[in-house]
Structures are given as C-alpha cells and as structure tokens.
DNA sequence: GACGTGAGCGCG
DNA sequence: AAAGCGCGCTCACGTC
C-alpha cells in the first residue's frame, strides 16, 4: 500500500486544496499538483526539484527528466524508487517558471508536514531548488556544488540530510561520462550513508552548556593558571576582535576563548571595560604565557590569531600545530566550504549560532571597525566559546580523515600560512598623497568625459527613445543604445546567454568613435574605483596597505589575495599600469625586487607528463617550442629565425600561438576555437615577406573569398593539431590517463600533495594539477626565503605573492644576498624538497631603483 | 537598506 | 564531440 500525502491519483487540481491558497501562484489547468508518493521502506524521503519538471514531461512523474536513469542506478544497488523511498516535490505544483523564495517557503510546509507524519530518517535533496528550499532560512550560497556529497545531521528537522545533484544534470550532459561517473559516486555515498548512519536520535547533540563563561577575575586567573601548570597537549583558541586587521589605532581583542577538552571551552572578555587596568594586565601576562607554553596550538585560521597576537599582544604564539580552516580546505577543495559556521553545521548540525552576534562583527565604517564592544557580553562569550569547541571537534575529526598525501599538502600550507602572516604584517608602503590626488583628478576627468560623451548623437537618440540619457556604465543601457536604438548587429551573447554582450571586445568591433570612447572611459573608471579608491581605503596608520593572502579558498589549491587584492593590479595596459602602480613604493631607502618563475606551466607540464619531447625543449635553451608551433600554425617554416624575434610581427605570432593554441590545447580546447581566436588576432599581422597572414593563406590556398580562406585556415589548424599531439604523444597519453583516473576515482592528485575532487570537466582535470602545483613551488620558496631572511635578521622582507611571483622589499646593501638566497632556494633547494621536479626551474628578476615606485621597475639584466 | 547576481575586467 | 582554467572587485540592478 502506497503511503502518500494526498490521494495517489495522478494529479490533483490546486483549486481544491486549502494548503496552497496563500501561495497565490496562478495554477490553472496546465499547472497541476503532484502529491507525495512511495512506500519509504528505507525511511528516506527524496525531495526533488520541481521547476524543471513539466506536467507533460514524459520521462518521469516525480523526479522528471532523468527519472528513468535514476531508477536504473538505484536498481544497481537493488533498490526501488517507489518501494524504498518517499518522493515529494520542492513545490507540489509544477510550473514552467522559477518559484520565488516566498512560494518555496510556503510550499515547504507540505514537506514539514510530511516529515512530521512519516518520520523519515534521511532526506535526500535532489537538485538546487530542493537544496534552496531546505536551507533557505539558514544559509546563503545554496549551490549544488557547495552542498553535494555531504551527510548533515539536521537536528532542527530530526533527519540526516544528503544533498546531491538532480539527475537531470546527467541527462543534459549525456555524453559526458565524467559527470555520470561522479554522479554515480555521489549516489553511492548517499546510499552508503543510509545504510550505515545511526538514527539521529542516538547521535549526541552538541551542548552549549559546555562553554564556561568567565566574567569573574579570580576565576579567569585561576583557570589560566591551571593551563600553565598543567599544559594540555593541544589547545584551541579563538579571538573576537574589533575588525579583521589590527593595524589601525584603537583595534582590540574583545574576548578570548580556548578549549582543550571535548566537552569544555572557556571564554572570557579581554580588552573590555569589564576589567580594571591592573586586572587586564594580569590577564594579559597569563594569556601571553599560555601562547608561549609547550601546548600545541590549534585555531580556525591560525594566520588570524597569529597576526592579532603579534600586533595587539606583542607576543608570538609558539608551537602552532593545526589550522582547522586549512585542514578543511585540504580535505575538500570545493569553494565556500571552510568557514567555521559552515563546517560546524555540516559536521554537527550547529546552525545559526552566530545569528545574534553576527551583526556586531560586521564592519560598519570605511575604516574596518565593527561594533563588537556593543554586543551583549554573555552572548559574545558564548559565541566565542562555541567557536573554540567547534575548532577542537573539527581538529579531532580532521586528524582522522587525513591521509599522508593530503597531509603533505596540508603541512606545506600550514607553514605557508604562517609565512604569509609575516608578509601581511609587513605590508606594502604606498604614496598616500599620490593616490589621493590622482583619485580626485580622475574623478574630475571621468565627470568631464561623461558629459562630453552624452552629447554624442547616439546618446541623444537614446534620450529620444527612452526619455532619459543613457548611463554609460550600465551594460543594459549600452545594449539598448547600440542594438535597440541604433540597431547595430549584436556581436555575441553574455555568458548566461541572456543578453547581448557590450564588453570591450564587442565595443572595439562596433568600431564607432563613441564605442571606443566608452571603453576608454570604462578602463579609467575601473582603475579609479577598483584600484585607487580601494588602496586609499586600505591604507593603515603606518602608511602601508596590508593585503590578506589566504590559502583556504581556491579550488585548485592556489592562494588568493584581498583587501586589497594584490594579485590583479594592472600591468598590460600602459596607462592603467602607470596610474595604479605609481603609488606602490618600497620602504624608505629600499628598492622593490621581484622574481617570477619562467614558463612555470610548461615546466609543471613536463613534471606531470614526463613527455620526452617537452623535456628536451626545456633542457635545450637553443630551441623554442612555441616558435616551432607558430611556424606550423602559420605555415612559415621558411621565415628566417630572426623574424620570430620581431616585436610587431613574428613575436606576436609566437605569442598568440602560445596563448591561443598551445595552452588551450593542453587544457582541453580544440582546433575550431583555437583557429577562431588566432585568426581574429593574427590575420592582419605581416609575415617576413611583408604580406598579411590573410594574404599569405590566400596564396597558399589559392582561394579568394575571405570566408573560404578562413575555412582553409581552420582545416589547416586541425592538421596542425593532429601533428602536435603526435609529436607530444606522451603528453597526450598522460592527459588520457588523467581523465581515466578521475573517471574511476573522482580525484585529481597533485604532485605536491592534495587532491582535487567534485564535478570536474576535462579541461579542469589537467589545468587544476598544473595550476595548483606551480603555486606550491612559489609558496615553498617564499616560506624558505622568508625564514632565511629572518634567521639572518635581514632588513629585506617578502611583501607579496602573485601565484608564481614573489615580491621583496629590499635593502640595497642586501640586494646581492637577497638574489643569492632566493635563487638558491627557488631553483636549487626546491628540487631537493620536491623530488618530482625533473626539469630545471628558472626565475627572472625585476627591480626598481631606490625609493622608486613599482611602475618604474625594469628587468634585471643578466650578468 | 541589505543582499545576491550578472556583467565586466584586472591578474596569473 | 568539444566549454581553456583559477581568482577578487566594482557597478548596476532586482528582490527581500
């Protein structure tokens, strides 16, 4: 007998049902309601996406497209959709359009009612809408990729909840066996959970009474003394602070919490009006002593606690041992995953314990201060205590989940994050006056230019049509103006496919004076807003900016930077480069040196694939791989070698070959796209015979029309592609093995440790490996260089990192030493540490003169 | 007014 | 047969 929410008749018209009155969605004949169904012998409720599901869908009733495939998969596990599960829709109604949050939450009462009546032990969320409706009230960032493959103890609703993709995703990508294999793994995971997880009732719920709130001075001193007398092996701690960065006057550590036991955390106010000055002094002495004691230190983001301890308490924590944030990242590379709140929820079902405190921790001004001091003290301390507790639990869980390969990467990152704490603290000197003045200047320039542009005929026509002048910074208005009012031919769509793109590329093709002027204006606005303004906001009391360098956010196990982002300051466009870099200066009397790894992607490619042809290209510096490929791409075997060095011709062709063919091919692109891009960039470049590439191919093909010649070129690139992969056949073979390994295991292993997982495409499977590993070389080098500078008590400091580049604020007297140490570490010692580096690495130096800005830097000439 | 998202663009 | 990849930040815009 089927248990169902409503009668098990096919469809029930909505009008008869009182539950849906509030929703008010127009549910006429086409939009029918589908009641819950199934026998649920596994005590498992499947909540399926509905917006994808049309009533006339042939492929399945409840799950919709992909239902047949889903059933087949269940059958392989000897399961039956109707017998073993209950199924209900995210919304009972079916509609062609998306449901609003409100509609989804109204309909959710049907789901809660079902759960109350049938008491499932597990809930499987099938697809993004199901995930949204389930977590909506508690979390943002509700994408499938963030939540899939987890089994969460949801105490609030009394079930284990297991979100996975909707099988529609597999059907829509029918030919992609990588997606299919990953889905099968996720489903296996879900079924395994259902078979093995205990009843949630028997799982211990975290208890907030485990937090000891200490507002009594004697108690604080006595507990801290206890820790000092009997140092625990491990201690987790956590600060609540007045902001993210401690460098400005007035920043404080409001409270401290710590935990060394599964069921006990301590939490006390620190720089808080609560204490008399003498009391606070005593507490500080004790706490700093703890920071130095032999206990192994653990925190969620150790870089944060390290920096604040050093700046506010002037104490360097000793024996950092575990960073649960980096560990979380190491165990799972997906993005938006490592936050403590998220981790606490997915592991122990702790939702929203920060709800009341969160508003007090958000910065309220341009200067980065929050209102933590106004937060209710008891709640603040409780919150901090839970953080420490959760960190301790996380550590214990993570320790068991590690394997030696992942731990190798983890160790590198823990050391790296502490080196980056030094980098953050040192910061970068800037010319504040320059940035302020230039910002004002640009504001004026932008205003003036905007006025001028609005006088153009095109803008007047826009005004006529819409009764207002266009906003030249709005892509919507530009789209209207160029393609609706002026009726120009659209060139391409945006990524979402919803709109006609109006980016710089399109603007240049529109080829009108206004379009060109708009692009120029947009660039200046970008420089003014993203760089100048951002820098000015971030200048601290020491006249320096202190960008963050994080290691726990990027899927590929690269690093990231923010506040301001030091990794995307303009360099290609001369004017943008000049404006934004002119205010970045060395410390007084210093110069800025930086080195970057030469052709690091190619070298990593060689380390992974061990392709002998690739290796010999690298080893023999008289050869040039990209030049040789360019000769093939452009059929220019006969051009003299000197031609390939000419800036405006041969060298450009080589450049576009490298970036338009070689790398895209490595990462999974193919001849058609490559040919298109190369033709666009290169068809007007001159050959050694002084004719354009287009003309050159006209001669070769003996064809006349542009289209015919282009077609010939595409076909030619196809042949080059075939020959290329024949030449680098070991590389190709490695690529294929890499795909196969992922298909079987769902993993991409990096040579430097770590493994990437999740839904990866062919391109990502290759790209992630090279990208992450290349950064790890730089990170290891930076860590060692930083350590050696410190050991020698040098004045020179590492001040930044840009993926494969290391920036050093150098004292001129130490310049030679800086180069020596860095070169030794980055090219020689690194190969003793990473044995898998089987080709030589090279670094290239650039430098400024003493006291001169980063814009003025020039390449260091080889001696 | 806060928040999320899309488009666009800066870097490797 | 075929989608190069990864970030952070700003602005505009629509929704809550």
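When you count, for each residue, the other Cβ atoms within 10 Å and take the mean per peptide, how do A:701-712, A:374-385, A:259-270 rank with the highest first?
Sorting A:701-712, A:374-385, A:259-270 by mean packing, highest first, produces A:259-270, A:374-385, A:701-712.
In whole Å, what is the distance between the alpha-carbon centres of region A:502-574 and region A:797-861?
Using only Cα atoms, the two centres lie 24 Å from each other.
Helix-derived [θ] at 222 nm for chain A: sum -39500 (n - 2.57) over DSSP H runs of at least 4, divide by residue count, nearest 500?
-14000 deg cm²/dmol
Expressed as a whole number of Å, what is the distance separating the alpha-carbon centroids of region A:59-118 and region A:331-347?
Cα centroid of region A:331-347 versus Cα centroid of region A:59-118: 27 Å apart.
How would you rank A:621-629, A:528-536, highest first, on the average number of other Cβ atoms within 10 Å across their residues?
Per-residue mean Cβ counts within 10 Å order the peptides as A:528-536, A:621-629.
Sorted by packing (mean other beta-carbon atoms within 10 Å per residue), highest first, where do A:122-130, A:611-619 land?
A:122-130, A:611-619
Rounded to the nearest Å, what's the spacing between the alpha carbon centres of region A:151-224 and region A:694-766? Just the number, please.
Centre-to-centre (Cα) distance: 39 Å.
Have a look at the DSSP beta bridges in chain A and tell me what percent are antiparallel, nearest 5.
65
Every number in this text was worked out from the coordinates using simple rules, so none of it is lab data. These numbers come from a predicted model, not from an experiment. Every residue, glycine as well, gets a Cβ built from its backbone with ideal geometry; the counts of neighbours run over all protein chains shown.
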